[in-house]
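The values are calculated or read from the model by the stated rules, or taken from the named source; none is laboratory data. As the structure is a prediction and not an experimental result, all values here were calculated from the model. In this analysis, Cβ positions are derived from the backbone assuming ideal geometry, glycine residues included, and neighbour counts consider all displayed protein chains. Just the protein is used for accessible areas: all its heavy atoms, side chains included, with ligands, DNA and RNA removed. Shrake-Rupley method; radii C 1.70, N 1.55, O 1.52, S 1.80 Å.
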Amino acid sequence: MLRKILTVVIAVAFSLNAKAQYEPYHGDGIDDYLRFVPIASAYIMKAAGVESGSSWKRLLVNTATSFAIDAAVTYGLKYSIKTTRPDGTDRHSFPSGHTSFAFFGAAVLDKEFRHVSPWISVGGYAVAAFVAVDRVCRNRHYWGDVAAGAAIGWLSVQAGYWLGDKITGWGKNVDVAVCPLGVNVVWRL
């Protein structure tokens, strides 16, 4: 069933008019907001009491670590490679930051809630794929930019969860507190 859904999503993505890459700037739109949906869904579901794969402490530490990796790699490449966008507005096309963040959120959603239902993962990746396709259709990125962004987002979560768990020892020696001034993380030695 999952293979059929993925086949349909890929067919739709590739059947879009590829000429959109060469049309004038379309401006930003719904993708500016949809990129936040997967990660927001993970935290909203956790707050609503849906059983996730991690405690609050582990979720906060691992997503913060994953986000740091995602942002460092994405913006490090974006400002060092300097590829011109299809619409010519600037030289920060590669990789797609919107797509990277959307797939980062989808991968966190998948890691935390796949055991509840595989449809949660499918929904998160579908939103992320829509963001990627919309970035190309809006003439903001080439297909290679969004493919690289998707890979960076997904891989950053894999690395972030591994590194976060190694640093914290599966959360046994870390305390995380959210207060009005920010998030405090305390490591007990």
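Overview of values
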read-out	value
Candidate set: the range 22-40, residues that are among the aromatic types (F, W, Y) and not in a helix (DSSP H, G or I); chosen: the one modelled with the lowest pLDDT	Y25
Qualifying position, being part of a helix (DSSP H, G or I) and either surrounded by 15 or more Cβ atoms within 10 Å (Cβ to Cβ) or of a type in the set (D, E, K, R) (or both), among S93, S121	S121
Hey, G53 touching an Asp or Glu at 6+ places or on another chain (Cβ under 6 Å), at pLDDT 80 or above and farther than 21 Å from A129 by Cβ or not	yes
Condition met for R140 (part of a loop (DSSP other than H, G, I, E, B) and charged (D, E, K, R))	yes
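Residues checked against (1) modelled with pLDDT of 85 or more; (2) under 20 Å from A147 (Cβ atoms); (3) open to solvent by 80 Å² or more (accessible area, probe 1.4 Å):
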| position | (1), (2), (3) |
| --- | --- |
| V9 | no, yes, no |
| A20 | no, yes, no |
| A42 | yes, no, no |
| L59 | yes, no, no |
| S66 | yes, yes, no |
| P86 | no, yes, no |
